[in-house]
Amino acid sequence: MSVPASAAKRPPGLAPDVLSVLNSVFGLPGFRGEQEKIIGHVTNGGNCLVLMPTGGGKSLCYQLPALLREGCGIVVSPLIALMRDQVAGLLEAGVKAAVLNSTLTFDEAAAVEARLLAGDLDLLYIAPERLLTPRCLNLLGRAKVALFAIDEAHCVSQWGHDFRPEYIGLSVIAERFPDVPRIALTATADDLTRKEIIDRLGLAGAPRFVASFDRPNIRYEIVDKQNAPAQLKAFISERHAGDAGIVYCLSRAKVEDTAAALTKAGIEALPYHAGLDARMRSRNQDRFINEDGIVIVATVAFGMGIDKPDVRFVAHLDLPKSIEAYYQETGRAGRDGKPSSAWMAYGLSDIVQQRRMIEESSGAEAFKRVSIGKLDALVGLAETTNCRRTRLLGYFGEKASTAGCANCDNCLSPPKLRDGKVMAQKLLSCAYRTGQRFGAMHLIDVLVGRLTERVQQFGHDKLSVFGIGRELNEKQWRAALRQLVAMGHLQPDAEAFGALKLTETARGVLKGETEVMLREETPGSRLRASRTRSRRGDLASASGTSGEAGHPALVGALRAWRSEVARKRSVPAYVVLHDATIDGIAASRPMTLHQLRDIAGIGDKKLEHYGDELIALVKANRTA
Ligand code: ADP
Ligand code: ZN
């Protein structure tokens, strides 16, 4: 495409053509973080690996170089929905973009191929399995290729949670096209995955650009699981009424039940899991993406490649497998930088269940050990009484301020700790005296002195530990038990399901040599009393957008207009305008096209297509 001469919004000291393209095509005034360095490097023909959190702005890192370099940028992307939405967004901005995947008819694909060969495309998104066909490799060999971008590059990792066998074959890119720059991008940052990406994609020696993984606009909260469905309903209705969100569950049955329960409570919720038929699944996904304020209840099958920028919350009703998975899943909230929540309900049964799944899996011992280690790290995060963000970033090798983040539950409402030595001793002796063959429920029955059938059957009412814990209630004991498991003094027995046995470290506790501090559990969410967010962020966003506060009528009118345009053009609403752009218009109320052009998100094409209508809307809502 031609590089426009427009130089509005340009900060001094940066190469003019890069900035003018950023400004005229994407309507953005400047770069974020490492973007500028990465774009310069790739535009000059360099290879690199980019590690940036979700919402960090990875797309620009290959889209801009593709526009600046001669030829067409080839983007390898694992999901059809993602390609479709990205291309829709690019077309809106006037970029010559297309997809090549299995959704095209033969004739459509032939037309795209012809455009590629004719030099009529800036960006082409290709599914990996398609790219690997001899026909496609041959086609690329005859075309002028500006660069290869491998998105979601962690899919090459066999250790990872998103492994895609087709990605392994992508090593062919480096072999066949050694002179074309390659940029691999991912939001998964652990070392093992990094190494595999570098190996498989031939990036040894290429620079790595690592952005901070912090997502300051996401508020982390992990609550003690009591009655998860009720807790979830309260969380949504009190803090995110009318917002779009994702709820993750482990099983298909739980997905169905949860979606039904939310619907019954008047929350618009749709299920998504691999057991639904394909049409229903994609319909639910499309509604979630295209409409405002839908909650999708899903297994982890949902989410990768979902680009929706205005997901306001991600809730977990079950424990994910690792911190990586937790971070990736919660990272789907708030891509647009506006305040969002990551909320999880977690209890002892989650640890026991995940452990059992690992023990019973068919994997090799080494794999199981790695998996248990990852689970333990996540449990550590759930149990920590310190800043969750600091803990998360620390896990990814980043140092955060020791003062805490002021945007997680532990920082906003520090948990109370109590000396739990005696409680721990009672629990551990109870497990020991009953032969280390029983689960939480039975141990608590014995402690509080409940004469159940089982207690009598095993004669546990005759033991010295019977009834020694009457001073506390069942809920308190359950929380203490969970924390002892998390601390590693008790451990689920791999052989006997549900049974808890003592570990090496338990001896120190029983002898009184080891300190045990326990968290005092408070019912429900500790943040309930904290600021409640209305439908559309009445809090100023962390990224500095102003929110709708002063101009609800104008925001409403802009949103209604956007829905209508999106519906007519069959694209997601956010492809027409982002929430942040709508907020920008509402805040600065432009009266001329020139003023409108100054708002982030309004590039030349959007100005041309929508400028007059938007100005008319602003004028019509002047008195609001
Ligand atoms: P990622 O692929 O890393 O998850 P995206 O490329 O989708 O992130 O970008 C996330 C959001 O950030 C998008 O809404 C995008 O428009 C916005 N964005 C990216 N770069 C910039 C920038 N330099 N200035 C302002 N907004 C940006
Ligand atoms: Zn914090």
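Structure summary
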item: Potential extension, Ser251-Leu472 segment - 0.36 nm per residue separation minus Cα distance; result: 76.2 nm
item: Sequence-distant residues sharing a close amide H with Thr514 (under 5 Å, placed H); result: Val509
item: Linear extension gain, Arg567 paired with Arg433, 0.36 nm per residue minus alpha-carbon span; result: 41.6 nm
item: Distance in nm between pseudo-label sites at Lys399 and Asp419 (7 Å out along the Cβ direction from Cα); result: 3.5
item: Equivalent ellipsoid, region 218-412 (semi-axes from 5 times Cα gyration tensor eigenvalues, Å); result: 26, 22, 16
item: Per-pair calculated FRET efficiency, R0 = 25 Å: Ala260 and Ser237 via Cβ, rounded to 0.05; result: 0.95
item: J(HN,Hα) series, region 456-469, from Karplus relation 6.51 cos²θ - 1.76 cosθ + 1.60, nearest Hz, glycine and proline x; result: 6, 4, 9, x, 6, 6, 8, 7, 5, 7, 5, x, 7, x
item: ³J(HN,Hα), Karplus 6.51/-1.76/1.60, whole Hz, each residue of region 374-388, x for Gly, Pro; result: 5, 5, 4, 5, 5, 4, x, 5, 5, 8, 4, 9, 9, 4, 5
item: Counted charge near Ile38, where neighbours are those whose Cβ lies closer than 12 Å (Asp, Glu -1; Lys, Arg +1); result: +2
item: Sequence-distant residues sharing a close amide H with Val75 (under 5 Å, placed H); result: Leu124, Tyr125, Ile126, Ala149
item: Size descriptor, Kirkwood hydrodynamic radius, that averages inverse alpha-carbon separations across region 305-423, Å; result: 16.0
item: Surface/4 of the Cα convex hull for region 417-520, nm²; result: 6.0
item: Whichever aspartates and glutamates have a C-alpha closer than 16 Å to that of Lys321, once near sequence neighbours (fewer than 8 apart) are set aside; result: Asp162, Asp190, Glu329, Asp350, Glu359, Glu360, Asp376, Glu383
item: Intensity falloff of the chain expressed as log10 I(q)/I(0), Debye formula with alpha-carbon point scatterers, at q = 0.10, 0.11, 0.12 Å⁻¹; result: -0.95, -1.11, -1.28
item: Förster-model FRET efficiency, 45 Å R0, Phe367 and His594, C-beta, rounded to 0.05; result: 0.15
item: Antiparallel bridge percentage (DSSP; both residues within the chain; nearest 5); result: 10
item: Solvent exposure of region 552-620 as accessible area per residue, Å², 1.4 Å probe; result: 42
item: C-alpha center-to-center spacing [region 84-122, region 199-233] in angstrom; result: 32
item: Cα centroid of region 460-490 to Cα centroid of region 285-363, whole Å; result: 31
item: At R0 = 35 Å, FRET efficiency that the Cβ-Cβ distance of Gln226 and Ala278 yields, to 0.05; result: 0.45
item: Arg208 versus Phe497: modelled label distance in nm, points set 7 Å from Cα along the beta carbon direction; result: 4.1
item: Cα-Cα over 27 Å, subset of Lys338/Lys416; Lys58/Lys96; Lys58/Lys144; Lys144/Lys606; Lys308/Lys606; result: Lys338/Lys416; Lys144/Lys606
item: Extension gain from Arg176 to Glu108, taking 0.36 nm per residue of separation minus the Cα-Cα distance; result: 21.9 nm
item: Cα-based reach from Lys511 at 20 Å (exclusive), listing aspartates and glutamates while leaving out same-chain residues under 8 positions away; result: Asp419
item: Inter-probe distance in nm under a simple model that places probes 7 Å from Cα toward Cβ, at Asp120 and Arg356; result: 6.0
item: Nonlocal amide H pairs with Arg219, under 5 Å, H built at 1.01 Å; result: Ser340, Ser341, Ala342
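The values are calculated or read from the model by the stated rules, or taken from the named source; none is laboratory data. Since the model is a prediction, treat every value here as computed from it, not as a measurement. Note that each Cβ is placed from the backbone with ideal geometry, even for glycine, and that neighbours are counted across all protein chains shown. In case anyone asks, the SASA skips ligands and DNA or RNA and just uses the protein heavy atoms, side chains included. Shrake-Rupley method; radii C 1.70, N 1.55, O 1.52, S 1.80 Å.
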